[in-house]
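Asker: Please see the structure below; I have some questions.
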Amino acid sequence: MTTVAHCTVQSPVGSLLLAATDQGLVRVAFEMEGFDVVLAELAARVGTCVAADEPMLAAAAAQLDEYFAGTRTGFDLPLDHALSSGFRLQVQQALPGIEYGTTLTYKELAELVGRPTAVRAVGTACSTNPLPVVLPCHRVLRSDGSLGGYLGGLDAKRALLGLEGALG
């Protein structure tokens with residue numbers, strides 16, 4: 001059974017739960033998701049959850065601090081994609097290709113991953129992204145330029161885009 005180390009960190013968008021396996025960061029969760037619910041899901045799908053002082057968590061926390069301080073524009077962390085597969089994983093792996101401070105529409109992202117008619121599926125992949133902020137689904141907008149949805153809520157999406165200077 002896999003061990004999932006976890007901790008919480010403070011950020012400008014509220015408390016974040018970070019969880020990692022020996023493969024890498026597996027989950028970033030917003031407080032509004034309910035940390036107990038997220039930990040139960042991780043235990044059921046990935047492995048035993050323990051609060052731990054794990055180097056991967058320290059590295060993730062440090063890089064998130066740098067991102068929120070405006071000194072980091074991307075993340076360099078090993079990631080564990082145990083919570084995604086298939087097309088969702090393909091979309092999520094394309095997210096870091098959206099440059100800091102820029103946005104794409106769901107349609108543009110669908111075209112980027114080679115499935116131009118899969119706009120709704122791209123939206124689902126973004127809404128189920130287990131690594132928000134690190135895999136920047138907040139940079140994906142509706143075709144009309146409106147925010148769309150976001151796992152951490154629209155205030156968090158606005159704050160992240162504002163931090164990056166991506167809001168007009």
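Asker: If Q93 satisfies all but one of (1) open to solvent by less than 70 Å² (accessible area, probe 1.4 Å); (2) more than 17 Å from A19 (Cβ to Cβ); (3) outside any loop (DSSP other than H, G, I, E, B), what's the number of the condition it fails?
Answerer: Checking Q93 against (1) open to solvent by less than 70 Å² (accessible area, probe 1.4 Å); (2) more than 17 Å from A19 (Cβ to Cβ); (3) outside any loop (DSSP other than H, G, I, E, B), the one that fails is (1).
Asker: Which of the residues belonging to the stretch 1-22 are out of contact with any strand residue (DSSP E or B) (no Cβ under 6 Å at 6 or more places or on another chain) and at pLDDT 95 or above?
Answerer: Residues satisfying the conditions are Q10, S11, P12, V13, G14.
Asker: What do you reckon, is G123 small (G, A, S), farther than 25 Å from S15 by Cβ and open to solvent by 10 Å² or more (accessible area, probe 1.4 Å)?
Answerer: Yes.
Asker: Out of all the residues in the stretch 74-90, which are assigned to a loop (DSSP other than H, G, I, E, B) and not aromatic (F, W, Y)?
Answerer: G74, D76, L77, P78, D80, H81, A82, L83, S84, S85
Asker: Looking at (1) without any contact (Cβ under 8 Å) to a residue 24 or more places away in the chain; (2) among the aliphatic types (A, V, I, L, M); (3) surrounded by 20 or more Cβ atoms within 10 Å (Cβ to Cβ); (4) not in a helix (DSSP H, G or I), which is the one condition that is false for A110?
Answerer: (4) is the only condition that A110 fails.
Asker: Sticking with this one: For D36, which of the numbered conditions (1) in a strand (DSSP E or B); (2) open to solvent by 30 Å² or more (accessible area, probe 1.4 Å) fails to hold?
Answerer: (1)
Asker: Limited to the stretch 1-32, what total is found for residues that are in contact with a Gly (Cβ under 8 Å, 6 or more places away or on another chain) and either in contact (Cβ under 8 Å) with a residue 24 or more places away in the chain or of a type in the set (A, V, I, L, M, F, W, C) (or both)?
Answerer: Summing the residues that are in contact with a Gly (Cβ under 8 Å, 6 or more places away or on another chain) and either in contact (Cβ under 8 Å) with a residue 24 or more places away in the chain or of a type in the set (A, V, I, L, M, F, W, C) (or both) in the stretch 1-32 gives 9.
The values are calculated or read from the model by the stated rules, or taken from the named source; none is laboratory data. Keep in mind that what you see is a predicted model, and the values were worked out from it rather than measured. Every residue, glycine as well, gets a Cβ built from its backbone with ideal geometry; the counts of neighbours run over all protein chains shown. Note: accessible area is taken over every heavy atom of the protein model, side chains too, but ligands, DNA and RNA are not part of it. Shrake-Rupley method; radii C 1.70, N 1.55, O 1.52, S 1.80 Å.
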